[in-house]
Each structure stands twice: as C-alpha cells, then as structure tokens.
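Inspection log for the structure reproduced underneath, given as structure tokens.
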Amino acid sequence: MNELAGGVMNELERLIRDLRGQIGREAYQENVLTRMRLVTLTDMERRLQQIRHLTGRKKLKLAFIGPVGVGKTTLICDLLGLHVQGSHQGESVLRKVLTTASGRTTTCEVKLLIRDETRIEVSYYSDDDFRAMVEEFAWHQWKLAGKPLDDDVDFLATEIQKALRNLLGLKNDAALKLAQSYEVFGDFFNDLLARHTAQQRTQTELAYQGPAGGALSWIADHFKALNLGNLPGFSLPRSIEISLPRKLLHIPADFQVDCVVDTKGLEHAGNPREDIDDYVRKGEYLCVFVDRFTDVPNSVLPTLSRLLTPDAVDREQRCALIVNTRQGEATALMDDDGDFVTEEEGYRLKTAQIMASFSGERINRFLGANIHFHDPHRHFHSENERLTLKRGRHEQAVRKNVCDLWIWIGDMIIRQDNYFNAQIEQLKKRLETIEGNGVLSAGDLALIQHTHATVQRLSRSFLSPLGPLPTFVSALGRYHVSTFRAINNRYGQYGDNNIYYMAGTNAEQIFRGSTLQTKTEVEDVIQELRVSAQSRELKECLTQYLSKLNTDYQAAADRVRHEGHRLVEKTIHPSVAGEQTMAFWSKVIGRWGGGPGYTSEVQNMYRQALTAFDPAGRETYKDAWLAALSPLAENLKVAAD
C-alpha cells in the first residue's frame, strides 16, 4: 500500500505527541469533563496508531480469494503479464505461466514475491495429511475397481489425483489395475504409501541460473511439473513461493508491489478457512474476491458476511470483488421493461444485484466502487491453456483490458488514502474541540446520569437464546462424508479443514446474532445523548465513545472466537485434552465402514462428547458482552458521579 503523503504522516506524529502530553496533564485533574476527555484522548491515540500501522506500508500486497476454478490464476497472469510466447501449428500463441494443464485449478496456495532473484520454494503437507490424501485417492481407485464400499466417498480434485498418480509412479490406469489386484483395502493402501516413500521426494528449493529472457519459461515448466507431481525430488506441495524480478512483469511504473497471492480455492463456501480470514483481518493485504458472473456473489457471501461486520472498521477499504465475465453474459440481462441491455448497463444491473445481496446479508460496508468486471478472454481464443488473438483484435486492446484492472486497483488505493486522510482530519478537529477547559451544565450531567443507568440495564439484559453446540454440530454436516472422515482420522484437522477454528467462528456468529440488537440500542442511547447535549466538548467525546464501543465489541467477538476454539480443543483434541479423548476418537474413526448414516451418527458422537460446550459457551458470551459494555458503562458512571 502506498504511504500517506509525508506531510500528513508528520501531522499524524505531531498529533500523537500532543495527545500523550494532554493525557499526562488531564490525568491529574478531577472535573467530570476532563475525565471524559482522558478516555477520549486515549482512544484517539489508539485510532491514530492504528491508522499509522495501516498506512505505513510502502508496497502493495494483493490476495486473490474465490471458489475453486473461478479464474483467479488466469486473472493474476493477466494482471502481471505472466505469459510465455510460443507457437502451435505455425500460429503464434501465448501460454500462461501459472498453469498445470491438468484441469481447472492449481493444487495449492501460490505466492508471487517481487524480488531480485528467480527461484521456487515449496512447503509440504504433514506426513499425516499426506497419508490422508493418499487414502482418499486409494478409496477412489477401490471404488472404480468395483470393490465393496460401505459408504459413499468424495473424490480429490482432478489435479491432485493426477499429481498423486505421477508421484506414485502409477500413470494412466495403472492405479486402477493395482487396486484390482488386491483383495484387502489396507494392503492396497500400504502399497501406495510405500511407493512414495521409496522415491525420496524431499527437495524444497530451485533457483534459476540462466539468462533473464528464459526465466518465465523456466518458471512455467517447473511450476507445471511441480503441480503434476512430475518434478524429480519434489512431492505434492502444500504451498509454493515464486520469487521473480519486477523487470519480468508488466507492472505499471507508479505501482510498488511486494507480493501477489493466489489462494487455494474455496471448496466449502459455508465453512470458514483460517488462512483466508487472516488475510482479511490482519490488514496487510488488499483482498480481491473473485467470482463468476453467473454465480456472484453466492460463493463469497459467507466469508464476507463473517468478516465485514458493522464493527470491523476499515476492512471495507481493503476488500474488493472482481467478476469474471464471458462474452454475452452481461447483455443477456433484461431491464424492467423486458428489453435486453447493453454490456455497460448489464454491469450496472449486476452491481445493483450484488449490492442488494450484500445488504440482505447485512454486509452494508462493502463499497460498490470496489466491484470490477473483467473478461479475460475478451480478445483471445482459449484452447488447452493456449491463447490466440481473435481475428481483428490488436495488442493495444489487450493492454487496455489489463490496464483497466490496474486503474481500478489504483483508484481503490486513492480512495483508501482519502478515507484515512479524512479520518485524520476528523480527529484533528476533535482534538481542537476538546482542548478547552469547559464544564458541564446541570442539564448535561442529568442526561449523562440517565444514559449511564440505561447502559447499565442493557449490559445486564444479555441472554443468549442458544449455546454454540447445535450450530457447530450442524456445520460439521456440510462436509462431504469422506472429507469428514479424513478430518476425523486426523483428530479434527485435515489440510485447510479445522473443526476447532470452525467451532470458534460459529460461536462468534452466535454471539453477534445474540447481541446485535442490544448493541444497536446502546448506540442509539449514546447518539441521543450526543444530540441532546449542550457542550460541544461532550458531543465530541461521545462521538469517540461510539468508536470505542465498536472497538471493544470487536475485541469481545474475537475473544468469543478464540475461547470457542479453545473450549473444543481442551475437550477433545488429544494433544490438549490428553489420552482420555482417545476413546471418543476411536469410536468416531471406527464408525467408518459401518453402513449408511456415517455423518449423522458421528455428529451425535460429537454432541455427546461436547455436552459441556453449551454452558461454557454461554458463560463466554456473557463475559464477552460485559467486557464490551463495561468500559462504556464505567466511563459514563465516572462522568455521572
């Protein structure tokens, strides 16, 4: 992200120094208004430090997030100019650098780092996770071989299946023939594991030593081989980091880019992913969600509704949506009169539909200007990952299509900088207003006392209508049966699937749903006091109090999430709860092969094992709610004394 203008940053530093000095002076004074100022100034300093953290990074970081096969990788290749020139049947073609040529997606997260050298670094799955993937592959082959199965099984992505075939030396139908030769599944599975171990695939790094002109071709060839399991010495990657010099990329001169992340595709839209949530929460990345024109925004709604909450200030500034379109999709829409629309009108209609869907899910902070429509094949024919320019199209048009993407990103950065500049200006004016030594009128004091009593009552009125257990157990049912089995075989964690993190996020959502209405009532009460107050200083203090309430509420929700995660871990995770949990896990793992009804029966086992989760969760909700409102109630009490 571009740093704020030097003058604004200097002003920010000066404000923080002034605030510290004033806080030191106010701490020794005893009148009501100065004590309210003290709270206000302290929270203003917190906000200014937060702004400095969010605007102090000099280079842009982009994370592309979306469903499997939605076109994130194609989009990144377009944006950065990651194409290799070649020929096919005498015709000039382009080949994407980040492609597997095996299906619709890459097999893992890919991080592109803008560095001085060209190299590839790989991290691997744990031994247990890899074993679970091989087992899923084995069940698939076992079913294809016509062997008996007591339960339906999910199948790994096409790309991972092909990579595993290559890693195990079982190309084409060799794995199927091997399965047919065995009578016992366990013997077949162990044979597959032994084939991988024998190949000693432990290498993790590759460095390019050739001329600059061949670097992209080198990356393309090795990336493809790595994803397909065809690179000697390398196993199936969990993540890939590719370092490459800026001069190899088509990045406009006025953009300073640090890295671009192609996240692993979202496979279960309703189930949270900690890696995705972290990209949005931590504030380092501009998070670009990607979806198809025909599907948007259903596949990204669960993630955005979980993360773009009303109290999560600033996140809307760094979240965006690219809609990958195809020719004719926008013009297939009709207006209110039943007439087909132009492409631009279609984009406006679709934007309105997206924003309406967001509003229906209470995603009210998303910025419509942060939606962009992009047709990656507007000027190309695509066949077997080869791109050829359509007849009559020119390279200038191709460059404009990509240039529009960069202009859109640049506009977002400008909006973000303007937003933070406006925030700083508001805080400067607030500081000027509350620097006086005024006193409160009797009427204002009476209003504060009334407001304090109301906030105290609302803080004690919280009662969650339900504990976290039913929602958590229900969420487990969203997994496909064999994925759920693999998760259970790994004691709750398999690849990107983590039931403990899911427990925490479900608890957080219940907490928010249980408290949202009461929180709104508290905000309304403070707003009424602000409108009715005579003192300008009091009005400004109360405006900051509302901001602080949001901060405290978000901290409370985070607390619920972490505590929900911890409660389930300490109840059933073997490394946390101890060996006594193995009876539960043995029962769960042993249920596979017991006939239909695996998911529902295992859900019931979780329900029985986590009976203490509901009362403990309710107490967590109560404690978090009090933690959110106590500072506000205490501050108003001090003022009312």
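Things to note:
- Within this structure, ARG618 fails the test of being at pLDDT 95 or above, in a helix (DSSP H, G or I) and not small (Gly, Ala, Ser).
- Flag if SER461 is at pLDDT 90 or above and surrounded by fewer than 19 Cβ atoms within 10 Å (Cβ to Cβ): no
- Test result for LEU538, within 25 Å of SER461 (Cβ to Cβ), among the hydrophobic types (A, V, I, L, M, F, W, C) and open to solvent by less than 20 Å² (accessible area, probe 1.4 Å): no
- Looking only at residues in the range 506-535 that are open to solvent by 30 Å² or more (accessible area, probe 1.4 Å) and among the small types (Gly, Ala, Ser), the one that is farthest from LEU629 (Cα to Cα) is SER532.
- Residues in the range 175-189 that are in a helix (DSSP H, G or I) and surrounded by fewer than 13 Cβ atoms within 10 Å (Cβ to Cβ) were compared, and the one that is modelled with the lowest pLDDT is GLY186.
- Considering (1) acidic (Asp, Glu); (2) open to solvent by less than 20 Å² (accessible area, probe 1.4 Å); (3) assigned to a loop (DSSP other than H, G, I, E, B), the lone condition that ASP336 does not fulfil carries the number (2).
- Selected residue (criterion: farthest from CYS319 (Cα to Cα)) from residues of the range 334-366 that are among the aliphatic types (A, V, I, L, M) and out of contact with any Asp or Glu (no Cβ under 8 Å at 6 or more places or on another chain): MET334
- Residues that are part of a loop (DSSP other than H, G, I, E, B) and over 19 Å from THR294 (Cβ atoms), drawn from the range 339-360: ASP339
- Those residues of the range 264-296 which are within 25 Å of ILE414 (Cα to Cα) and outside any helix (DSSP H, G or I), in sequence order: LYS282, GLY283, GLU284, TYR285, LEU286, CYS287, VAL288, PHE289, VAL290, ASP291
- Candidate set from the range 485-501 (those that are open to solvent by less than 20 Å² (accessible area, probe 1.4 Å) and out of contact with any helix residue (DSSP H, G or I) (no Cβ under 6 Å at 6 or more places or on another chain)); member that is nearest to VAL560 (Cα to Cα): ILE499
- If the condition is being under 22 Å from the mean Cα position of the chain (by Cα) and more than 21 Å from ASP314 (Cα to Cα), then the range 505-559 contributes ASN506, ALA507, ILE510, PHE511, GLY513.
- Index of the failed condition, GLY564 passing every other in (1) open to solvent by 30 Å² or more (accessible area, probe 1.4 Å); (2) within 27 Å of the chain's Cα centre (by Cα): (1)
- Matching residues, the range 297-333, being out of contact with any strand residue (DSSP E or B) (no Cβ under 8 Å at 6 or more places or on another chain), hydrophobic (A, V, I, L, M, F, W, C) and not in a helix (DSSP H, G or I): ALA312, VAL313
- Residue identified as modelled with pLDDT of 90 or more, surrounded by 15 or more Cβ atoms within 10 Å (Cβ to Cβ) and touching a helix residue (DSSP H, G or I) at 6+ places or on another chain (Cβ under 7 Å) among HIS379, HIS374: HIS374
- Of all residues in the range 215-233 being among the small types (Gly, Ala, Ser) and closer than 13 Å to ARG95 by Cα, the one that is surrounded by the fewest Cβ atoms within 10 Å (Cβ to Cβ): SER217
- Listed by first and then second residue, the pairs with beta-carbon distance under 7 Å, at least 6 apart or on different chains, first residue in the range 593-610 and surrounded by fewer than 14 Cβ atoms within 10 Å (Cβ to Cβ), second modelled with pLDDT of 90 or more, form an empty list.
Matching residues to (1) open to solvent by 40 Å² or more (accessible area, probe 1.4 Å); (2) at pLDDT 75 or above; (3) within 28 Å of GLY210 (Cα to Cα):
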residue	(1), (2), (3)
ILE114	no, yes, yes
TRP139	no, yes, no
LEU149	yes, no, no
PHE155	yes, no, no
THR158	yes, yes, no
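- Selection status of SER482, among the hydroxyl-bearing types (Ser, Thr, Tyr) and open to solvent by 60 Å² or more (accessible area, probe 1.4 Å): no
- Hits in the range 240-263 (condition: part of a strand (DSSP E or B) and crowded, with 18+ Cβ neighbours inside 10 Å): ILE240, GLU241, ILE242, SER243, LEU244, VAL257, CYS259, VAL260, VAL261, ASP262
- On inspection, LEU206 passes the criterion of being within 24 Å of GLN85 (Cβ to Cβ) and open to solvent by less than 50 Å² (accessible area, probe 1.4 Å).
- Every test in (1) touching a Cys at 6+ places or on another chain (Cβ under 9 Å); (2) at pLDDT below 95 is passed by ALA320 save one, and that test is (2).
- The number of residues in the range 301-326 being of a type in the set (Asp, Glu) and farther than 19 Å from ASP417 by Cα comes to 1.
The values are calculated or read from the model by the stated rules, or taken from the named source; none is laboratory data. Just so it is clear, the model here is predicted, and its values are computed rather than measured. Using ideal geometry, Cβ is built from the backbone for each residue, glycine included, and neighbour counts are taken over all protein chains shown. Heavy atoms of the whole protein, side chains included, go into the accessibility calculation; ligands, DNA and RNA do not. Shrake-Rupley method; radii C 1.70, N 1.55, O 1.52, S 1.80 Å.
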